[in-house]
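Novice: Below is one structure. I have some questions about it.
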Amino acid sequence: MPAVAETRKTVETLGQNTYKWGFETDIEMDIAPKGLNEDTIRLISSRKKEPEWLLEWRLKAYRSWLEMREPTWAKVHYPPIDYQDVHYYAAPRKKPGPKSLEEVDPELLRTYEKLGIPLHEQAMLAGVELPEGEEARPPVAVDAVFDSVSVATTFRKTLQEAGVIFCPISEAVQEHPELVRKYLGSVVPVTDNFYAALNAAVFTDGSFVFVPKGVRCPMELSTYFRINARNTGQFERTLIIVEDGASVSYLEGCTAPMRDENQLHAAVVELVAMEDASIKYSTVQNWYPGDENGRGGIYNFVTKRGACRGARSKISWTQVETGSAITWKYPSCILQGEGSVGEFYSVAVTNNHQQADTGTKMIHIGRNTRSTIIAKTISAGQSDSTYRGLVRMMPKASGSRNFTQCDSLLIGDRCGAHTVPYIENRNMSARVEHEATTSKISEDQLFYCRQRGLSEEDAVGLIVNGFCKDVLKELPMEFAVEAQKLLQISLEGSVG
Amino acid sequence: MNAIAPVGISPSAFLDRGDVKGNAARLKAADYLRTVGLPRAGVEAWKYTSLRALADVPFAVAPRDVDVGVVDTLLAEVETISGLGAGANRAVFVNGRFDAGRSRLPVGVKVSAFDPAAGTRDGIDPAGDVTTALNTVLADDGLALVVPEGVDAGCLLLVSIGLAGDDAPVSFHPQHRIVVEKGGRLAMLDAAVGRGYYLHNPLYDITVEEGGYLSHARIQAEGRKALHLAVSHARVATHGVYDSFTLTLGASLSRHEVHAGLNAAGASVHVNGAQLLSDHQHGDLTSVITHAAPDCISRQTVKNVLADHARGVFQGKIHVERIAQKTDGYQMNQALLLSDTAEIDAKPELEIYADDVKCSHGATVGALDDDQLFYLRSRGIPNEAARSILIRAFLHDVVDQIDDARLKDSLNLAVEAWWKREVA
């Protein structure tokens, strides 16, 4: 079959309503040429039929990106990235996905199996096309991002009835331009940092969620991100707006197939919570971490930030970070509204040659704002893991509170665990408390488990899960189970 | 990549003065200052303290001829705040130069004249940080003291007196080298006072050999127009103890950087301190404690009490190298804000590469505890007195950690004197 026809067939099976762009183009044009310049941005923008203001916004971001320097303060080391050697647009597939699980890389399937992912979902993750009409298991609405274009969105109807908008952001630009224009970049401005500016210039897709006043989102929303084509950076942009008194729980899970080459990923997530609104954002990140010699793996440079704009609003971040060769990620809360609440629960596991520099920022602006940070860091192999967190009390944040707890666990003597908290207080009635510990798995605990017949690896898994309990219990049910198994898999080969 | 060269503020005023033809260390330090300069905004180690106050200021060599009357007044002031009377052994430096007439050194110690060619010992990188580099280039005097093996040298008062006019800035950069040999002991109270617009940039090159013991308490009570940039480099050998304490009271801008290396098993180091600041004062206590050998202990407690528009900075890093198994490290930093315009910035940092360690740190920042105040008020203690009790208790807790009883008494006196002056 000629390549063009093959692509079309693939696209058709994916469902025409969810894939609108790129039909007229031939296969060569599905991937933009390598490199970044204003033409690339114009190409992305025109391919997505974007309005003029968005193109201008992208170009502004690009121009400020040119002036910016790549941050070097994080404790991660990697060879310089050639930003001109990356494809900034790939839509939607270079070649068709596997038709059934038999065609999927068995290594990948083994990982899924260990994770206990139902067959059905394995197919989804591996990119097997589902027959028309078949949907992922309820009650989780899935907006799957395969490479750069969201191609399958389920449960749209139920959500629509509740008044919730959950769609690819490219679609939101077409259908709800007033919302996108109002909120896009309002939490993470285009000039915020090097990677955020890059994302703003070249983002191709992502999710958009809008929960109107007083609505409790009827189901948990979920996005599976997946990096599929070779050498394409992923630049998702997620925007979640929750109006007065409304609430949503959003799950983000990530998997990536085995890859040899390092892949760049620079996503931006913006959350807006109005008065009495609440957003729970959970992430399980399990991208390819590179092999045991540190070859390959994803570079994950993510900017995630939530604004608690209204009084008594609440944003809660929960993350389980086990993947990626390099993680640079600081989900933050800007606590503007009086009495607003920010939470950050994190488990970061590094093994082999992984490097993670992750943490949070809690910026207390309003009165009586509260934040809690619980970060658990586990290092094994020859990896380095850093918790880096900022708590800032602004002069008007009277009566605000923060509590931070960071615990690190070292497995083996060739890894490193680091804690770098920044505490800045400019209000005398604001209180900040921080505590951190670093230790190894206690011999006593290990002995106790071994003596009762657990293998060393199982014992370590058990102890590590206990160590992370405070964070894992914050995860939604189905994620918590998956995350526990993920921890065990990530630490495979680190003991004995 | 769009990289921009990291060029800071040029310290040319200093370079024009320095004898950079000296030894290799001086050349290296001068080269560092010339190429890197003073830290620009965005340099992580100087995140919360700006040296802009040094840029483009023509600091001149501090004069030798000073008003003898004022020197004696200030010396008497030191005696009062430290409680160490005229009978105590002391080494007096006026504008960075040794004043033999006013000094009396303890018996049994070896003191030699400062040798600019000697340079600092190996292990101190003259280009490691700007404070060290500045001192290395410009040092022209200092105390070179050796406590010989097994000698208990008692207590020594090291005094620095800075005298300058209010608008003709001067600077002095003494380099003190203290070696406590095997089993030797020394308690050193180090007080800095002064008047006028000057920069005091001392470097302490400290070696504690096997089983040696050095207690080093500093009272930084410089004049309110002064700038104070101090750096200590300490290395401690097997079962040696370096117990240090910095009390920051004076100067408009000050920073004390402590680099302590635990280089052999069983060594221990305490890097404690308190900063009591008011007005628009800026005080920075930065430390890097490196565990480079197994079975070492480090302890750190730092407290800030900040009033008015004062800004306190604490940056403390505990670095545990791969070899340093069984490390026991503890760090606590607390701050009390007494006004809504005061600011505290703290960055307690753990960098750990060994797995069998016990390291922890804690930090709390806030105002006086309402419950504690209420407790005292409910027992009939007036508000001001209750506050006073709580603040002094807060400070007492850290001063109490000084091992040497004489130094502890001195520091307590200094805190009380500060309290009376600032609050009464």
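The values are calculated or read from the model by the stated rules, or taken from the named source; none is laboratory data. A quick note: this is a predicted structure, and the numbers were derived from the prediction, not measured. Note: ideal-geometry Cβ built from the backbone for every residue, glycine included; neighbour counts use all protein chains shown.
Novice: What number goes with the only condition from (1) more than 7 Å from chain B (Cβ to nearest Cβ); (2) over 30 Å from residue A:393 (Cα atoms) that residue A:404 does not pass?
Specialist: (2)
A quick yes/no check of all residues on (1) at pLDDT 95 or above; (2) surrounded by fewer than 24 Cβ atoms within 10 Å (Cβ to Cβ); (3) over 20 Å from residue A:474 (Cα atoms):
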position	(1), (2), (3)
A:349	no, no, no
A:354	no, no, yes
A:374	yes, yes, no
A:385	no, no, yes
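Novice: Moving on. Go through region A:356-372 residue by residue and tally those that are surrounded by 24 or more Cβ atoms within 10 Å (Cβ to Cβ) and closer than 29 Å to residue B:355 by Cβ.
Specialist: Matching residues across region A:356-372 total 4.
Novice: Shifting gears a bit: Among the listed residues A:42, A:63, which satisfies the condition of being surrounded by fewer than 19 Cβ atoms within 10 Å (Cβ to Cβ), over 24 Å from the mean Cα position of the chain (by Cα), at pLDDT 60 or above and within 14 Å of chain B (Cβ to nearest Cβ)? Don't jump to the end; show me each part of the working.
Specialist: Numbers: A:42 fails: within 14 Å of chain B (Cβ to nearest Cβ).
The match here is A:63.
Novice: Looking at (1) at pLDDT below 95; (2) within 7 Å of chain A (Cβ to nearest Cβ); (3) within 15 Å of residue A:434 (Cα to Cα), which is the only condition residue B:330 fails?
Specialist: (2)
Novice: If residue B:306 passes every condition in (1) surrounded by fewer than 19 Cβ atoms within 10 Å (Cβ to Cβ); (2) within 30 Å of residue B:189 (Cα to Cα); (3) more than 7 Å from chain A (Cβ to nearest Cβ) but one, which one does it miss?
Specialist: (1) is the only condition that residue B:306 fails.
Novice: Filter region B:236-249 for residues that are touching a His at 6+ places or on another chain (Cβ under 9 Å) and buried (at least 24 other Cβ atoms within 10 Å of the Cβ) and give the result. I'd like the intermediate steps shown before the answer.
Specialist: So the first thing to find is which residues in region B:236-249 are touching a His at 6+ places or on another chain (Cβ under 9 Å), and the list is B:241-246, B:248.
The answer is B:242, B:244, B:245, B:246, B:248.
Novice: Against the conditions (1) part of a loop (DSSP other than H, G, I, E, B); (2) facing chain A (nearest Cβ under 7 Å), where does residue B:368 fall short? Just the number, please.
Specialist: The one condition residue B:368 does not meet is (2).
Novice: Given the condition crowded, with 16+ Cβ neighbours inside 10 Å, within 14 Å of chain B (Cβ to nearest Cβ), hydrophobic (A, V, I, L, M, F, W, C) and in a loop (DSSP other than H, G, I, E, B), answer yes or no: does some residue in region A:475-482 qualify?
Specialist: No, the conditions are met nowhere in region A:475-482.
Novice: More than 7 Å from chain A (Cβ to nearest Cβ) and buried (at least 17 other Cβ atoms within 10 Å of the Cβ): does that describe residue B:407?
Specialist: Working: more than 7 Å from chain A (Cβ to nearest Cβ): yes; buried (at least 17 other Cβ atoms within 10 Å of the Cβ): yes.
Against the criterion (more than 7 Å from chain A (Cβ to nearest Cβ) and buried (at least 17 other Cβ atoms within 10 Å of the Cβ)), residue B:407 qualifies.
Novice: Output the number of residues of region B:43-52 satisfying the condition of being exposed (fewer than 15 other Cβ atoms within 10 Å of the Cβ) and either touching a helix residue (DSSP H, G or I) at 6+ places or on another chain (Cβ under 8 Å) or more than 14 Å from every other protein chain (Cβ to nearest Cβ) (or both).
Specialist: Qualifying residue count, region B:43-52: 1.
Novice: Still on this structure, please answer the following. What residue, of A:474, A:456, is under 20 Å from the mean Cα position of the chain (by Cα) and either basic (Lys, Arg) or over 20 Å from residue A:438 (Cβ atoms) (or both)? I'd like the intermediate steps shown before the answer.
Specialist: Numbers: A:456 fails: under 20 Å from the mean Cα position of the chain (by Cα).
Exactly one residue qualifies, and that residue is A:474.
Novice: Grab the strands (runs of 3 or more DSSP E) fully contained in region A:316-409, keeping just those with 1 or more residues being in contact with a Cys (Cβ under 6 Å, 6 or more places away or on another chain).
Specialist: On the way: elements: A:326-329, A:332-335, A:341-350, A:355-358, A:361-364, A:370-379, A:384-393.
Correct list: A:332-335, A:341-350, A:361-364, A:370-379, A:384-393.
Novice: Okay, next question. Quick one: in region A:204-235, of everything that is aromatic (Phe, Trp, Tyr) and either more than 18 Å from residue A:328 (Cα to Cα) or outside any loop (DSSP other than H, G, I, E, B) (or both), which residue is modelled with the highest pLDDT?
Specialist: So the first thing to find is which residues in region A:204-235 are aromatic (Phe, Trp, Tyr), and the list is A:208, A:210, A:224-225, A:235.
Okay, now just the ones that are also either more than 18 Å from residue A:328 (Cα to Cα) or outside any loop (DSSP other than H, G, I, E, B) (or both), so A:208, A:210, A:224-225.
Working: A:208: 91, A:210: 95, A:224: 56, A:225: 49.
This residue is A:210.
Novice: Among residues belonging to region B:240-295 that are under 13 Å from the mean Cα position of the chain (by Cα) and of a type in the set (Asp, Glu), point out the one that is farthest from residue B:335 (Cα to Cα).
Specialist: So the residue we want is B:243.
Novice: While we're on this one: Applying the selection to region B:272-312, what residues are basic (Lys, Arg) and more than 27 Å from residue B:214 (Cβ to Cβ)?
Specialist: Just the residues of region B:272-312 that are basic (Lys, Arg), to begin with: B:299, B:303, B:311.
Correct list: B:311 only.
Novice: Of the numbered conditions (1) outside any strand (DSSP E or B); (2) of a type outside the set (Lys, Arg); (3) facing chain B (nearest Cβ under 9 Å), residue A:434 fails exactly one; give the number of that condition.
Specialist: The number of the failed condition is (1).
Novice: Oh, and also: For residues that are of a type in the set (Gly, Ala, Ser) and surrounded by fewer than 23 Cβ atoms within 10 Å (Cβ to Cβ), tally how many sit in region A:291-309. Spell out how you get there, then give the answer.
Specialist: As a first pass, look at region A:291-309 and keep what is of a type in the set (Gly, Ala, Ser): A:294, A:296-297, A:306-307.
Narrowing further to those that are surrounded by fewer than 23 Cβ atoms within 10 Å (Cβ to Cβ): A:294, A:296.
Total meeting the criteria: 2.
Novice: Is region B:256-264 home to any residue that is touching a residue at least 12 places away in the same chain (Cβ under 8 Å), small (Gly, Ala, Ser) and touching a Leu at 6+ places or on another chain (Cβ under 9 Å)? It would help to see each step written out before you state the result.
Specialist: Start the filter on region B:256-264 by keeping residues that are touching a residue at least 12 places away in the same chain (Cβ under 8 Å), which leaves B:256-264.
Filter again for small (Gly, Ala, Ser), leaving B:260-261, B:264.
So of that shortlist, the ones also touching a Leu at 6+ places or on another chain (Cβ under 9 Å) come out as none.
So far as region B:256-264 goes, no, none of its residues is touching a residue at least 12 places away in the same chain (Cβ under 8 Å), small (Gly, Ala, Ser) and touching a Leu at 6+ places or on another chain (Cβ under 9 Å).
Novice: Tell me the residue from B:344, B:323, B:381, B:318 that is at the interface with another protein chain (Cβ under 10 Å from one of its Cβ atoms), among the aliphatic types (A, V, I, L, M) and over 24 Å from residue B:401 (Cβ atoms), please.
Specialist: Numbers: B:344 fails: over 24 Å from residue B:401 (Cβ atoms); B:381 fails: at the interface with another protein chain (Cβ under 10 Å from one of its Cβ atoms); B:318 fails: over 24 Å from residue B:401 (Cβ atoms).
Of the residues listed, the single one that is at the interface with another protein chain (Cβ under 10 Å from one of its Cβ atoms), among the aliphatic types (A, V, I, L, M) and over 24 Å from residue B:401 (Cβ atoms) is B:323.
Novice: What pairs come up if the first residue lies in region B:301-313 and is more than 21 Å from residue B:399 (Cα to Cα), the second is of a type in the set (Val, Ile, Thr), and their beta carbons are under 6 Å apart, counting only those six or more places apart or on different chains?
Specialist: If the second residue must be of a type in the set (Val, Ile, Thr), the pairs left are B:309/B:341.
Novice: Sticking with this structure for a sec: Go through region A:437-471 and report how many residues are of a type in the set (Ser, Thr, Tyr), farther than 30 Å from residue B:313 by Cα and within 14 Å of chain B (Cβ to nearest Cβ). Let's see the steps before the verdict.
Specialist: Here is the first cut: in region A:437-471, the ones of a type in the set (Ser, Thr, Tyr) are A:437-439, A:442, A:448, A:455.
In the following step, the residues that additionally are farther than 30 Å from residue B:313 by Cα were identified as A:442, A:448, A:455.
Still in the list and also within 14 Å of chain B (Cβ to nearest Cβ): A:442.
Of the residues in region A:437-471, 1 are of a type in the set (Ser, Thr, Tyr), farther than 30 Å from residue B:313 by Cα and within 14 Å of chain B (Cβ to nearest Cβ).
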